[in-house]
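Novice: Take this structure first; my questions come after.
The values are calculated or read from the model by the stated rules, or taken from the named source; none is laboratory data. What you see is a predicted model; the values in this text were computed from it and never measured. Glycine gets a Cβ as well: all are built from the backbone with ideal geometry, and neighbour counts include every protein chain shown.
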Amino acid sequence: MIQVNDVGKSYGNLAVLQDVNWTVQEGEWWGIIGPNGSGKSTLLQLISGVEKMTSGDITIKGKDIKGYSRKVLSQMMAVLEQDGLPAMDYPVRDVLEMGRFPFQDWLGRDQVDHADILIEGIMARLELLELSDRSVAELSGGQRQRVALGKVMAQEPQILLLDEPTTFLDIHYQLQFMELVANWRANSGITVIAVLHDLNLAAQFCDKLLVLQEGQIAGMGTPQDILTESRIQDVYEVDPVIVNHPDIEVPQVLLARSKLK
């Protein structure tokens with residue numbers, strides 16, 4: 001579905017990404033991991049079309065990304081960032097309806113008949129019905145991120161790009177958010193690419209992991225392939241202990257205290 005070919009991105013003399021080659025199949029959930037400044041968010045921005053690559057090319061469904069209009073791209077792809085919604089003074093239902101913008105004509109009329117039913121179903125699935133008339137500004141961070149997820153669900157994308165979506169959430173809302181995405185994917189077959197700092201969440205939810213280090217690929221494969229003590233030492237410069245999750249048999253990372261004085 002997505003093919004990244006020899007992609008590089010530079011800002012002046014600073015090379016942020018170099019020679020990135022990567023294939024994402026339809027329906028997969030990839031996690032992009034790596035230290036700060038390794039190019040993770042930049043790669044996501046290139047795939048979304050927000051940034052232009054310095055070299056190489058990206059194709060989506062066999063077509064060069066440069067050949068898509070912004071409207072067509074937004075009908076196919078949705079992006080959710082760290083703080084998905086600011087504390088805006090709009091009712092929850094109105095915000096979800098904003099997700100239909102790529103499918104509206106110049107008069108604001110939706111091109112499909114089922115938009116109202118779609119919005120209602122999403123609010124029910126995300127337990128937002130009781131909040132539908134509440135201002136987003138009145139909601140907690142976890143509730144706002146659910147509304148942000150509802151907005152991109154209303155967009156009915158084929159590809160979902162997540163940029164550190166759980167960063168500002170406590171562990172309850174982190175797990176809830178990832179479960180909601182997992183259920184959406186299971187029901188729709190959507191392709192998910194998520195930049196994640198939490199390696200344990202990445203291991204539990206992602207099919208495969210792409211590791212970036214200093215703008216280059218340092219590894220790709222299943223969580224079992226990638227989350228090894230030696231690789232984490234090399235990439236993050238920490239001393240990890242890897243254990244298997246007792247319920248789902250995926251690697252989980254424990255960290256030892258630094259020996260630095």
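Novice: Could you please tell me which pairs satisfy a Cβ distance under 8 Å, a separation of 6+ or placement on different chains, a first residue in region 17-39 that is under 9 Å from Gln213 (Cα atoms), and a second residue that is buried (at least 22 other Cβ atoms within 10 Å of the Cβ) and modelled with pLDDT under 95?
Specialist: Close Cβ pairs satisfying both conditions: none exist.
Novice: Which of the residues that make up region 160-175 are closer than 17 Å to Gly150 by Cβ and crowded, with 19+ Cβ neighbours inside 10 Å?
Specialist: Correct list: Leu160, Leu161, Leu162, Pro165, Thr166, Leu169.
Novice: On to the next question. Kindly indicate the residue of region 55-82 that is under 12 Å from Gln155 (Cα atoms) and in contact with a strand residue (DSSP E or B) (Cβ under 7 Å, 6 or more places away or on another chain) and also surrounded by the fewest Cβ atoms within 10 Å (Cβ to Cβ) among those meeting that condition.
Specialist: By that ranking, first place goes to Met76.
Novice: Within region 184-205, how many residues are closer than 24 Å to Leu73 by Cα and either under 14 Å from the mean Cα position of the chain (by Cα) or free of Cβ contacts under 8 Å to residues at least 24 places away in the same chain (or both)?
Specialist: 12
Novice: Related question: Considering (1) in contact with a strand residue (DSSP E or B) (Cβ under 8 Å, 6 or more places away or on another chain); (2) touching a residue at least 24 places away in the same chain (Cβ under 8 Å), say which one Leu85 fails and leave the rest.
Specialist: Only one criterion is unmet by Leu85, namely (1).
Novice: If you take the residues of region 122-135 that are in a loop (DSSP other than H, G, I, E, B) and more than 13 Å from Lys151 (Cα to Cα), which of them is nearest to the chain's Cα centre (by Cα)?
Specialist: Among residues in region 122-135 that are in a loop (DSSP other than H, G, I, E, B) and more than 13 Å from Lys151 (Cα to Cα), the one nearest to the chain's Cα centre (by Cα) is Glu127.
Novice: Note down all Cβ pairs under 6 Å where the first residue falls in region 234-251 and is of a type in the set (A, V, I, L, M, F, W, C), the second is not in a strand (DSSP E or B), and they're at least six residues apart or on different chains.
Specialist: Close Cβ pairs satisfying both conditions: Ile242/Glu229; Val250/Ala203; Val250/Gln204; Val250/Pro223.
Novice: Of all residues in region 237-258 being polar (S, T, N, Q) and within 22 Å of Asn36 (Cβ to Cβ), which is surrounded by the fewest Cβ atoms within 10 Å (Cβ to Cβ)?
Specialist: Ser258
Novice: Can you give me the ranges of the helices (runs of 4 or more DSSP H) entirely in region 9-105 with at least 2 residues that are of a type in the set (Lys, Arg)?
Specialist: 70-76
Novice: Show the residue pairs meeting these rules: Cβ distance below 6 Å; 6+ apart or different chains; first residue within region 46-66 and on the phi > 0 side of the Ramachandran plot; second residue at pLDDT 95 or above and assigned to a helix (DSSP H, G or I).
Specialist: Pairs that qualify, where the first residue is on the phi > 0 side of the Ramachandran plot and the partner is at pLDDT 95 or above and assigned to a helix (DSSP H, G or I), are Gly49/Ile65.
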